[in-house]
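Input: a single structure, listed below in structure tokens.
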Amino acid sequence: MNEATDIKTHHQTLKAKNIVYYVLGVLEVLLAFRLIFKLLGANPQSPFVSFIYSVSQAFLAPFNGIFRSAVTKGIEAQSILEPTTIIAMIVYAVIAWGIVKLIEISRPHQTTGIR
């Protein structure tokens, strides 16, 4: 391959990896919000909290039933620790890492010093 093709392939690989990491970042932030809101006993009637719970629920569905949620009732709020959310965050990070590695190994090895 010539240098122009190497540069184009490098940029395509970098773009694909960045897209995967961006999607992972959005998903991790969504799940982190859910985890924090549940831990702090956020009001599920709040529109923003309700939105976070409803959107994130779809990503937690494959992991439902792994653990039971730990519930602590306080005077004003109910704190819930959802280990399922933590497991989902770890699993999605590992999946994203695996996809990035597949992208790297599926592209031809660059022989030039591209930065």
- Note on the structure: Result row for the chain, helices from DSSP H with C-alpha axial extent 20 Å or more and mean Kyte hydropathy at least -0.5, is 3-40, 83-106
- Task: Grab the chain and count how many Lys pairs have their alpha-carbon atoms under 24 Å apart, sequence gap of 8 or more, or different chains.
- Result: 5
- So, counting K/R as plus one and D/E as minus one, what does the shell of residues with Cβ under 14 Å around residue 82 add up to? +3
- Message: As a test of the formula, what do you get for the chain when each DSSP H run with n ≥ 4 contributes -39,500 (n - 2.57) and the sum is divided by the residue count, at 222 nm and rounded to the nearest 500 deg cm²/dmol?
- Response: -23500 deg cm²/dmol
- Query: Kirkwood hydrodynamic radius of the range 9-106 from all distinct Cα pairs, in Å?
  - Reply: 14.9
- Item | Nearest-20 debye value, the chain charge dipole, Cβ charges on Lys, Arg, Asp, Glu | 60
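Each reported figure results from applying straightforward, stated rules to the coordinates on display, with no laboratory input. All values derive from a computational prediction rather than experimental measurement. Note that we place each Cβ from the backbone using ideal geometry, even for glycine, and neighbour counts take in every protein chain shown.
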